[in-house]
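Chemist: Sending over a structure as structure tokens; questions will come in a sec.
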Amino acid sequence: MIKLENLSKKYKTKEKEIQVLNSENYQFENGKLYAIIGHSGSGKTTLLNILGTLIDFDSGKVIVDDVDFATMKEKDKAKFRNRKIGFVFQSYLLNPTLKAYENVIVPMYLNRDIKSKERKEKAIELLKKVKLEDRINHFPKELSGGEQQRVAIARALANNPEIILADEPTGNLDKESEEIIFKIFEDLKKEGKCLIIASHSDYIKAYADVVLSVTDGKLEVVR
Ligand SMILES: Nc1ncnc2c1ncn2[C@@H]1O[C@H](COP(=O)(O)OP(=O)(O)OP(=O)(O)O)[C@@H](O)[C@H]1O
Ligand SMILES: [Mg+2]
């Protein structure tokens with residue numbers, strides 16, 4: 001569960017200030033899939049980065065499981081992010097020098113609860129979940145775009161996070177790959193995870209429990 005309270009964010013450059021978010025309260029629940037829509041420049045990426053605790057904001061609160069993120073110590077923040085939140089980006093951001101299963105292992109290095117000898121097995125299990133069991137030893141360049149994104153999803157799941165944030169996850173993919181990815185997200189939702197997906201694809205609406213738009217800095221429920 002992740003909650004926003006009176007969130008405000010401005011980008012300040014030398015010449016001007018841009019008010020990106022100026023939102024009232026909103027609560028994202030587990031076991032639901034949220035689609036964030038809105039025109040280019042409306043603030044979708046900014047919102048996901050704030051939810052993912054990757055960037056600061058000017059006022060308001062982000063509360064994850066009843067903890068106000070701003071009150072945490074720096075070292076707790078890093079651990080918290082590593083365990084609670086999985087990120088998926090449009091451009092996959094896989095390490096090209098690592099095989100598929102090694103990419104999935106990367107976030108596990110920061111998680112002392114996973115023993116080193118368990119890592120590979122766990123990575124393979126996650127790759128099975130995204131139907132890539134026959135690609136575990138492939139390097140990113142030996143995978144299609146859709147397959148690379150599925151590796152990135154498996155990696156986002158490495159530490160079994162409760163919240164998955166995806167920024168245009170199918171922006172570089174064809175319809176067929178997009179459908180496979182959205183189906184994986186739907187399965188994760190059924191497992192009880194909270195999925196928040198910014199997307200330009202109209203197709204996401206068919207999978208979403210809630211469609212939200214960012215318009216003039218406000219988060220609004222469309223459906
Ligand atoms: N670091 C920054 N400094 C200054 N302005 C920024 C910064 N990042 C984003 N902006 C501005 O804030 C606004 C919102 O950007 P954001 O990337 O959140 O939009 P978006 O909805 O994700 O757009 P897109 O659909 O194109 O990805 C844009 O007008 C952008 O130019
Ligand atoms: Mg964006």
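Chemist: So what is log10(I(q)/I(0)) for the range 82-193 at q = 0.14, 0.20 1/Å, when the Debye sum runs over its Cα atoms only?
Modeler: -0.49, -1.05
Chemist: Looking at the calculated P(r) for the chain, what percent of the C-alpha pair distances fall above 21 Å? Write out the running numbers ahead of the final one.
Modeler: Numbers: 13609 of 24753 pairs.
Value for the chain: 55 percent of Cα pairs lie more than 21 Å apart.
Chemist: Could you check what % of the DSSP bridge pairs in the chain are antiparallel, to the nearest 5? Walk me through the numbers on the way to the answer.
Modeler: Details: 19 of 38 bridges.
Counting DSSP beta bridges with both partners in the chain, the antiparallel share is about 50 percent.
Chemist: A further question follows. So what is the 222 nm mean residue ellipticity for the chain from helices alone, if each DSSP H run of at least 4 adds -39500 (n - 2.57) and you divide by all residues, rounding to the nearest 500 deg cm²/dmol?
Modeler: Values: 7 runs with 71 residues, N = 223.
That comes out to -9500 deg cm²/dmol.
Chemist: Quick one: plug the Kirkwood hydrodynamic radius of the range 32-96 (C-alpha pairs) into Stokes-Einstein at 37 °C, 0.692 mPa s, and report D in µm²/s. Don't skip to the end; give the middle numbers.
Modeler: Numbers: Rh = 13.7 Å.
The calculation lands on 240 µm²/s.
Chemist: Could you put Glu24, Glu74 in order, starting from the residue whose Cβ has the fewest other Cβ atoms within 10 Å?
Modeler: Ranked by crowding around the Cβ, least crowded first: Glu74, Glu24.
Chemist: Between Lys16 and Asp216, what FRET efficiency follows from the Cβ-Cβ distance if R0 is 22 Å, with the result rounded to 0.05? If you can, show how the numbers build up before the last one.
Modeler: Details: r = 16 Å, r/R0 = 0.74.
About 0.85, to the nearest 0.05.
Chemist: For the Cα atoms of the chain, what angle does the longest principal axis make with the long axis of helix 74-84, in degrees from 0 to 90, nearest 10?
Modeler: Taking Cα atoms only, the helix is inclined about 60 degrees.
Chemist: What residue among Gly38, Ala70, Gln90 has its Cα farthest toward the positive end of the dipole of the range 11-100, where the charges are +1 on Lys, Arg and -1 on Asp, Glu, each on the Cβ?
Modeler: Gln90
Laboratory data are not the source of any read-out in this text; all were calculated from the coordinates shown. Values in this document were obtained by computation on a predicted structure and should not be read as measured data. All Cβ positions, glycine included, derive from the backbone under ideal geometry; neighbour counts span all protein chains shown.
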